[in-house]
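Since the structure comes first, as structure tokens, the remarks are kept for the end.
The values are calculated or read from the model by the stated rules, or taken from the named source; none is laboratory data. Quick caveat, the model's predicted, so the values are computed rather than measured. Backbone-built Cβ (ideal geometry, glycine too); neighbour counts: all protein chains shown. Note: accessible area is taken over every heavy atom of the protein model, side chains too, but ligands, DNA and RNA are not part of it. Shrake-Rupley method; radii C 1.70, N 1.55, O 1.52, S 1.80 Å.
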Amino acid sequence: MSQKIYFTNSPARIIDEYINDSGTPKTFILTDENTAKCVLPHILSESRQLRDAEVITVKAGDINKNLDSLSYIWERLQNGGATRRSLLINLGGGMITDMGGFAGATFKRGLRFVNMPTTLLSAVDAAVGGKTGINFNGLKNEVGAFKEADAVIISTTFFNTLPLEELKSGYAEMLKHGLIDGKEAYRRLISYNIESADWDNLLDMLEESVNVKRRIVTEDPFEHGIRRALNLGHTIGHAFESHSMKHNSPIPHGYAVAWGCVTELILSRLLLGFPGEELHRFADYVHDTYGPFVFTCEDYPELIELMHHDKKNMSSEINFTLLKDVGEIEIDHTCSEDDIKSALDIFRDLMHI
């Protein structure tokens, strides 16, 4: 993993130093309408190097992470005279870093870009690791490319503008990292009160969490092996997310991951003997923090069909990352539809649906 990652409470100073050292002739900032109002003015007021940057603003929300928005970004880069020596700064949440990264990976076959995540979710997940993409035909991240940002600048100073729902969404990915890292990290995370977060303390915890991902991505940058550990909770979580989008009631990505982790820990319990006490502890935490994801047995066929579209599948079988215990990872497990239905039944019981 060659990208530079900065953990700082002075993000404007770091981006100025980066631009000055790299000799960038022209800079573009990609952001969404919400970030343009809440965060961009603060960065522009503190940064000398960004005052002349061209700002590209797209509509907010994951529903707008699509081909139309991507085409608009390409058009603005082209009309703005962007070259391969230009720099694109992706300032925003996961939607912006995903789509901006894909724009950077494809425009002129590769434009340099820096991610400045403004949400906890994008800081711990989307901004780091080189996965870029857009949604297509109702499926999440269906089209994309592997392309690391040249640098990622992570600061908890951005998070004071976030609603609690956004903080919780990002924290779900940190919990997932704790589950795959080990019991010590996991227990610190599950004991922390994200609802009254201290920003300096959270920055330290965030660095620890991101470093879990860095270690795995460095070992397996293109997801041929151990990187699939990072997909814990995502096979079912993405199905929950796509299902909610199809039914016009979208849910935050991190919430979907939290519910997906519960369901995949149930599969881990059924197939690998994951400790029942730890499953119930995690399920209770998720229920209390994120509430339930409500669905019925009539939704099972659609959810399973969505799981079949998951990019990790190598055949007609559905592929999962499961755990024998906290920190004991088992990648490339295939599960029968009967196993999945049983897990969905148990999930509904644990979530008191």
With the full set of protein chains in place, find how many percent of the accessible area of the chain is carbon and sulfur; take the probe as 1.4 Å.
-> 46 percent
Could you give log10 I(q)/I(0) at q = 0.24, 0.26 Å⁻¹ for region 100-143, computed by the Debye formula over C-alpha point scatterers of equal weight, without solvent?
-> -0.92, -1.00
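Could you pull out the pairs from 65/131; 147/176; 26/213; 147/213; 65/246; 4/147 whose alpha carbons sit more than 20 Å apart here? Please report the intermediate quantities before stating the final value.
On the way: 65/131 14 Å; 147/176 23 Å; 26/213 31 Å; 147/213 16 Å; 65/246 15 Å; 4/147 14 Å.
Cα-Cα > 20 Å for 147/176; 26/213; rest within.
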About its Cα centre, the chain carries a charge dipole, from +1 on Lys and Arg Cβ atoms and -1 on Asp and Glu Cβ atoms, whose size in debye to the nearest 20 is 1420 debye
Have a look at 84, 228, 112 and tell me which one the Gaussian network model of the chain (Cα, springs below 10 Å) gives the largest fluctuation.
-> 84
Heavy-atom accessible area per residue of region 222-291, all protein chains kept, 1.4 Å probe, expressed in Å², is 34 Å²
One checks the Cα atoms of the chain and finds Rg and Dmax, in Å, of 19.8, 59
Could you state the accessible area per residue of region 1-153 in Å², with a 1.4 Å probe and every protein chain left in place?
-> 42 Å²
Between 0 and 90°, nearest 10: helix 199-219 axis offset from the chain longest Cα axis = 80 degrees
Restricted to the chain, the DSSP antiparallel beta bridge percent, nearest 5, is 35 percent
